[in-house]
Amino acid sequence: MNKTLVQLRKQLHQNPELSGKEHNTAKRIIEFVKEYNPTEIISAIGGAGVAVVYEFEENGPIVAIRCELDALPIIEENTFEYKSDNYGVSHKCGHDGHMTIVAGLAEWLSVAEFKKGKVVLLFQPAEETGKGAAKVLEDDRFLNLDPDYVFALHNLPGEKMHSVIVKSGYFTATVQSFSIQLTGKKSHASEPENGVNPAIAVAELVQEIHALADTNVNSENFALLTPICIDLGEKNYGISPENAELHYTIRTWSRAVMTTLEEKIKQLVSTISSKHELKAEMGWFEFFPASDNNTECVTLIRKVANQQHIRLVKHPRSLKFGEDFGWFSSKYKSAIFGIGAGEHQSALHHSDYDFPDELIDTGLLMFKGLISGILGK
């Protein structure tokens with residue numbers, strides 16, 4: 001295990017930053033990779049993003065390896081020496097490990113003897129809010145790099161340590177969050193007939209939205225609608241409230257099913273709010289398009305895993321979490337794969353989660369194999 005990379009991973013873990021605020025994290029990455037003489041370092045891509053470019057002598061394929069800079073608004077429960085110094089913010093998705101793997105490629109690339117092509121190490125901001133990849137793809141400096149291939153990985157607790165999990169087609173779900181704001185009329189609690197209380201409308205909406213779900217993960221029409229927050233009135237027992245707010249996250253496999261679901265929800269909100277004489281407003285946000293893995297890229301991933309004698313796991317269905325890597329897969333030949341983080345590892349986004357350092361070498365083997373397979377052609 002490379003002690004320098006483990007040290008970097010722990011430094012990143014100890015100094016987490018939220019989506020859109022990863023400027024010190026980006027500086028730390030730049031300080032680390034510049035020791036390995038990249039051809040170019042492009043900073044502030046799509047916000048705090050960084051692209052580290054290694055260009056070889058002749059024109060050839062361009063391979064981008066992408067990871068994420070941001071952490072989560074979660075209080076860390078771990079007590080080890082390198083626990084988060086930023087209270088209320090912590091790396092609970094393993095982005096500290098992902099960054100370390102990608103940064104670790106810099107030393108290898110600095111002495112690589114490829115005759116052609118280019119490698120772009122992309123450290124992307126704001127993955128957790130679904131905004132980062134889209135902003136990177138609005139930045140001409142990244143678009144001008146024009147990669148032929150884009151690869152990424154994500155650690156997966158619950159899967160065997162070091163195993164590689166990949167499939168063609170949708171690898172992660174399409175995810176969309178929304179809010180519903182209902183406004184009626186306040187009144188005295190003893191005279192609710194003189195106001196418009198949104199409580200019954202909220203109850204109807206919860207039931208009707210729940211009825212839209214299809215939780216069969218093997219169905220093309222899979223739809224998971226999770227209530228996240230419901231806010232109604234206040235703890236003042238003399239008032240019949242006028243306001244209510246509901247927040248949901250929806251997950252489907254395809255964009256088409258998501259679009260149909262959105263229209264059904266909009267119609268429900270319109271019908272129920274009108275029925276109860278309420279004003280309704282909706283907001284849609286944190287959209288993650290499904291990561292649609294390219295077949296050629298998946299074949300390359302499987303080939304490298306076999307060459308490195310890494311256990312391959314056939315995953316029959318998509319993963320239910322969102323990943324904004326889907327923005328890259330909509331534009332470039334790309335694939336994201338999973339690396340098993342251990343069957344008994346704490347789950348992603350849990351307050352006691354910590355990225356296993358043993359996975360750094362596995363990630364490096366996979367990315368080095370992919371780059372060598374493409375640039376060595």
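Once you order the gyration tensor axes a ≥ b ≥ c over the Cα atoms, which shape class does the range 63-141 get: rounded for a/c under 1.5, otherwise prolate or oblate by comparing a/b with b/c? Numbers along the way, then the final one.
Numbers: a/c = 4.21, a/b = 1.57, b/c = 2.69.
Taking the square roots of the gyration eigenvalues as a ≥ b ≥ c, the range 63-141 is oblate.
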Given charges at Cβ of Lys, Arg, Asp, Glu: the chain dipole, positive-most of Ile230, Gln11, Tyr149: Tyr149
Loop sites in the range 63-149: chymotrypsin sites (Phe, Trp or Tyr not before Pro), DSSP, at most 10 other Cβ within 10 Å: Phe80, Tyr87
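Arrange the peptides 352-365, 91-104, 172-185 so that the one whose residues have, on average, the most other Cβ atoms within 10 Å appears first.
Numbers: 352-365: 19.8, 91-104: 26.8, 172-185: 21.6.
The peptides rank, most packed first, as 91-104, 172-185, 352-365.
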Distance-filtered residues of the range 254-287 - backbone nitrogen under 19 Å, label point 7 angstrom along Leu224 Cα→Cβ: 254-262, 285-287
Solvent-accessible surface (1.4 angstrom probe) belonging to Lys279, in square angstrom, nearest 10: 120
The range 195-264 versus the range 66-142: alpha-carbon centroid distance in Å: 33
Label-to-label distance, nm, for residues given as Asn306 and Lys83 (7 Å Cα→Cβ offset): 4.6
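Order these peptides, 215-226, 29-40, by their mean beta-carbon neighbour count within 10 angstrom, highest first. Please list the in-between numbers first.
Details: 215-226: 13.5, 29-40: 16.2.
With the highest mean Cβ count within 10 Å placed first, the list reads 29-40, 215-226.
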Label-point gap, in nm, between Glu343 and Ala199 - each point 7 angstrom along Cα→Cβ: 5.0
Within the chain, percent of DSSP bridges classed antiparallel, to nearest 5: 65
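Tell me, in nm to one decimal, what length is gained between Val6 and Glu57 on full extension, where the rule is 0.36 nm per residue of separation less the Cα-Cα distance? Don't skip to the answer; put the middle values down first.
Details: separation 51, 0.36 × 51 = 18.36 nm, distance 3.19 nm.
The span from Val6 to Glu57 would gain 15.2 nm if fully extended.
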Spin-label model distance (nm) - Asp214 vs Lys186, 7 Å beyond Cα toward Cβ: 4.4
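How high is the FRET efficiency from Asp361 to Ser270, r the C-beta distance, R0 51 Å, rounded to 0.05? Intermediate results must be reported in sequence, preceding the final value.
On the way: r = 55 Å, r/R0 = 1.07.
Rounded to the nearest 0.05, the efficiency is 0.40.
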Sequence ranges 65-75, 293-303, ranked by mean other-Cβ count within 10 angstrom, highest first: 65-75, 293-303
Shape of the chain, Cα gyration tensor, a/c cut at 1.5: prolate
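The values are calculated or read from the model by the stated rules, or taken from the named source; none is laboratory data. Keep in mind that what you see is a predicted model, and the values were worked out from it rather than measured. No Cβ is skipped: glycine too gets one built from the backbone with ideal geometry, and neighbour counts run over all protein chains shown. These accessible areas exclude ligands, DNA and RNA; they are computed on the full protein's heavy atoms, side chains included. Shrake-Rupley method; radii C 1.70, N 1.55, O 1.52, S 1.80 Å.
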